[in-house]
Amino acid sequence: MTSSHGRGLHLAAAVDQRSAYDADSYVELARLAESGGLDFVTLDDTFARPGPDALAVLSRVAPATGRIGLVPTVTVTHTEPFHVQAAVATLDWVSRGRAGWRIDVSTTEGEARLFGRRHAAPADALWQEAGEVAEVAAELWDSWEDDAEIRDTATGRFVDRDKLHHVDFAGSEFSVKGPSIVPRPPQGHPVRVVDATEGQARRTAARYADVALVRAASSAQAGAVRAELRASAEKFGRDPDTLRVLVSLVVDLGDGEHAAEPGHGGGGPRQTAHGPLYRGGPVDLAELIAAWWHGDRTVDGFHLTPVEPRRDLERLVNGTVALLQHRGLFRTFYPGSTLREHLGLARPANRYAVTGGAS
């Protein structure tokens, strides 16, 4: 059930856990988020600290869940774009069309030394390169037409070679030739997510992202960034309605049903070194979400990072989400089976099939 806002409210949550290497704990959190109908969960990853590989963990979560989108952070600096796109395509296959990837860059010399290929680069150059990775990934996903697989055992033909297309892409720091080694993903292009808080990333988000995350401490700030992103998307020739802008908040629901602290809850989150922090109860959080989305109409939804994953996610689903559903502001069931369907985004046409098969 949705309101008359025009598009439904979108909600997502992080399932990050410190020093957790047991896959079952991630499965538990993802299932909890799925029980609330959230669009997707994210799992962060970085070269800067120890931890499990986010993409591998969510590939394990995929068969244990049925509807929720799965979005690992994928750092595209120092990694091979060809391998990155194949891994993300594989996640889309094993999840039956629920994959996204949160595109990130690596900026420090210490992280560069882990690979030994090149020195650290300025953020502007890295985000330009990230856009090129997003572009070549889409080209490689399109290098197989949807019906390229034949699987005809009688003739021994696995693939129609006329429906495979060669990619020859040269970026600023890499070159890639195709076709891909993985057939076109169920979603065509798995959903691209970019944290557009920083200026350097915002241009890449406006051009390539399906979902832009913004750390904003007020609805006015969030609305201004959303308007900027939509205007930039239009300048790049995109329909701005193909971009979803979600506000990222850290949430501490340890105060239970008590009123939010001054400066929190209905008064808005408090800016911290780790981003805007909401501290209060699930009822006040529902009020904040309703005010920012339904009242001010400045955002498309929220991406929430629990301070204590199990406790806060449970209160989010059973308290905040339940209240939003009761008020008709958030759906009570998934509208489809893929992440693109959850987000109200069309499946992209294959660029080669559309142009009559020219390669």
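The values are calculated or read from the model by the stated rules, or taken from the named source; none is laboratory data. Note that the structure is a prediction, hence the values are computed from the model and not measured. All Cβ positions, glycine included, derive from the backbone under ideal geometry; neighbour counts span all protein chains shown. What goes into the accessible areas is simple: the full protein's heavy atoms, side chains included, and nothing from ligands, DNA or RNA. Shrake-Rupley method; radii C 1.70, N 1.55, O 1.52, S 1.80 Å.
Annotations
- Looking only at the stretch 203-239, and only at residues there that are assigned to a helix (DSSP H, G or I) and of a type in the set (S, T, N, Q), the one that is nearest to the chain's Cα centre (by Cα): Thr204
- Test: residue in the stretch 53-61 that is open to solvent by 10 Å² or more (accessible area, probe 1.4 Å), among the small types (Gly, Ala, Ser) and over 23 Å from Ala206 (Cα atoms): yes
- Test result for Gly336, surrounded by fewer than 22 Cβ atoms within 10 Å (Cβ to Cβ) and closer than 19 Å to Leu213 by Cα: no
- Condition broken by Arg192, with the remaining ones in (1) open to solvent by 20 Å² or more (accessible area, probe 1.4 Å); (2) assigned to a loop (DSSP other than H, G, I, E, B); (3) modelled with pLDDT of 90 or more; (4) not small (Gly, Ala, Ser) satisfied: (2)
- Matching helices (runs of 4 or more DSSP H) fully within the stretch 25-122 where at least 1 residues are modelled with pLDDT under 95 and under 19 Å from Val136 (Cα atoms): 81-94
- Against the list (1) open to solvent by 20 Å² or more (accessible area, probe 1.4 Å); (2) touching a residue at least 24 places away in the same chain (Cβ under 8 Å); (3) not small (Gly, Ala, Ser), the condition Pro185 fails is (1).
- All of Gly280, Gly328 fail the test of being within 23 Å of Glu341 (Cα to Cα) and either modelled with pLDDT of 90 or more or buried (at least 21 other Cβ atoms within 10 Å of the Cβ) (or both), apart from Gly328.
- Scanning the stretch 67-99 for residues being of a type in the set (Gly, Ala, Ser) and free of Cβ contacts under 8 Å to residues at least 60 places away in the same chain gives a total of 2.
- Filtering the stretch 199-215 for residues that are in contact with a helix residue (DSSP H, G or I) (Cβ under 7 Å, 6 or more places away or on another chain), surrounded by fewer than 17 Cβ atoms within 10 Å (Cβ to Cβ) and within 28 Å of Ala121 (Cβ to Cβ) leaves an empty set.
- The set of residues in the stretch 90-111 that are open to solvent by less than 40 Å² (accessible area, probe 1.4 Å) and in contact with a Ser or Thr (Cβ under 7 Å, 6 or more places away or on another chain) comprises Leu91, Gly97, Arg98, Val105, Ser106.
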